[in-house]
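**Q** Supplied in structure tokens, the structure appears directly below.
The values are calculated or read from the model by the stated rules, or taken from the named source; none is laboratory data. Because the structure is predicted, anything quoted here is derived from the model rather than measured. Here the Cβ positions follow ideal geometry from the backbone for every residue, glycine too, while neighbour counts run over all protein chains shown.
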Amino acid sequence: MNPIGRTVLGVFGLWHGLAAIQNIFDILASTGIEPRLRPLASKNLALIGKLAEPLRPPKSSIVVLLAGASVVEAAASASFLYGAIEGDRSEFGFSLSLGLFGAFFLIDDAFDDYDLGAKHRAIFTLVAAGYAATRASA
């Protein structure tokens, strides 16, 4: 794989890793375990809570959902970074990322949050374009 493909994988790896860490910080800050992490935390717990409000899920369910997304992001991050270092394509990382953001935009649309769905569709498209770029650089 040429340097462009490695760069794409590296950036996706770091981006997913950062998202996973910020989501864990959000969980730790929002549950009161470590409130000092709030400035570094994502705002995704509140976002999920607002989106799912019609269902009135308990906060613990929202925490589990965000933790699950963080695990997927961490796995995608590891796969992308491994691919960048080894010079191998990262089908596993792309599968996880496309699955995650595909699920996000479908959920957003199911809850009639089309603005958020549009953001997730744009990220899905970005990841698909990254996949095409890494395939072309192999």
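**Q** Kindly evaluate Ile4 against the criterion of being over 21 Å from the mean Cα position of the chain (by Cα) and either acidic (Asp, Glu) or part of a helix (DSSP H, G or I) (or both). Full working, then the answer.
**A** Numbers: over 21 Å from the mean Cα position of the chain (by Cα): yes; either acidic (Asp, Glu) or part of a helix (DSSP H, G or I) (or both): yes.
Spelling it out, Ile4 is indeed over 21 Å from the mean Cα position of the chain (by Cα) and either acidic (Asp, Glu) or part of a helix (DSSP H, G or I) (or both).
**Q** Okay, next question. Name every residue in the stretch 2-50 that is of a type in the set (D, E, K, R) and within 13 Å of Val63 (Cβ to Cβ), in order of residue number.
**A** Filtering the stretch 2-50 for residues of a type in the set (D, E, K, R) gives 6, 26, 34, 36, 38, 43, 50.
Asp26 - this is the single residue of the stretch 2-50 that is of a type in the set (D, E, K, R) and within 13 Å of Val63 (Cβ to Cβ).
**Q** Given the criteria under 23 Å from Phe12 (Cβ atoms) and out of contact with any helix residue (DSSP H, G or I) (no Cβ under 6 Å at 6 or more places or on another chain), does Val71 qualify? Give the derivation first.
**A** On the way: under 23 Å from Phe12 (Cβ atoms): yes; out of contact with any helix residue (DSSP H, G or I) (no Cβ under 6 Å at 6 or more places or on another chain): yes.
Taking the combined requirement at face value, the residue satisfies it.
**Q** Continuing with the same structure: Scan the stretch 43-56 for residues that are over 15 Å from Ala20 (Cα atoms) and surrounded by fewer than 15 Cβ atoms within 10 Å (Cβ to Cβ) and jot them down.
**A** Ala46, Lys50, Glu53, Pro54, Leu55, Arg56
**Q** OK, next. For residues in the stretch 114-136 being farther than 16 Å from Gly83 by Cβ and β-branched (Val, Ile, Thr), which is surrounded by the most Cβ atoms within 10 Å (Cβ to Cβ)?
**A** Selected residue: Ile123.
**Q** Filter the stretch 65-77 down to residues that are within 11 Å of Ile24 (Cα to Cα) and of a type in the set (A, V, I, L, M) and give me whichever is surrounded by the most Cβ atoms within 10 Å (Cβ to Cβ).
**A** Leu66
Conditions tested, residue by residue: (1) closer than 16 Å to Ser97 by Cβ; (2) of a type outside the set (Gly, Ala, Ser); (3) at pLDDT below 95.
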{"site": "Ile4", "(1), (2), (3)": "no, yes, yes"}
{"site": "Phe25", "(1), (2), (3)": "no, yes, no"}
{"site": "Pro35", "(1), (2), (3)": "no, yes, no"}
{"site": "Leu40", "(1), (2), (3)": "no, yes, no"}
{"site": "Lys43", "(1), (2), (3)": "no, yes, no"}
{"site": "Pro58", "(1), (2), (3)": "no, yes, no"}
{"site": "Val64", "(1), (2), (3)": "no, yes, no"}
{"site": "Ala76", "(1), (2), (3)": "yes, no, no"}
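**Q** Is it fair to say Phe104 is of a type in the set (A, V, I, L, M, F, W, C), over 23 Å from Arg135 (Cβ atoms), crowded, with 17+ Cβ neighbours inside 10 Å and in contact with a Leu (Cβ under 6 Å, 6 or more places away or on another chain)?
**A** Working: of a type in the set (A, V, I, L, M, F, W, C): yes; over 23 Å from Arg135 (Cβ atoms): yes; crowded, with 17+ Cβ neighbours inside 10 Å: yes; in contact with a Leu (Cβ under 6 Å, 6 or more places away or on another chain): no.
No: the conditions fail for Phe104.
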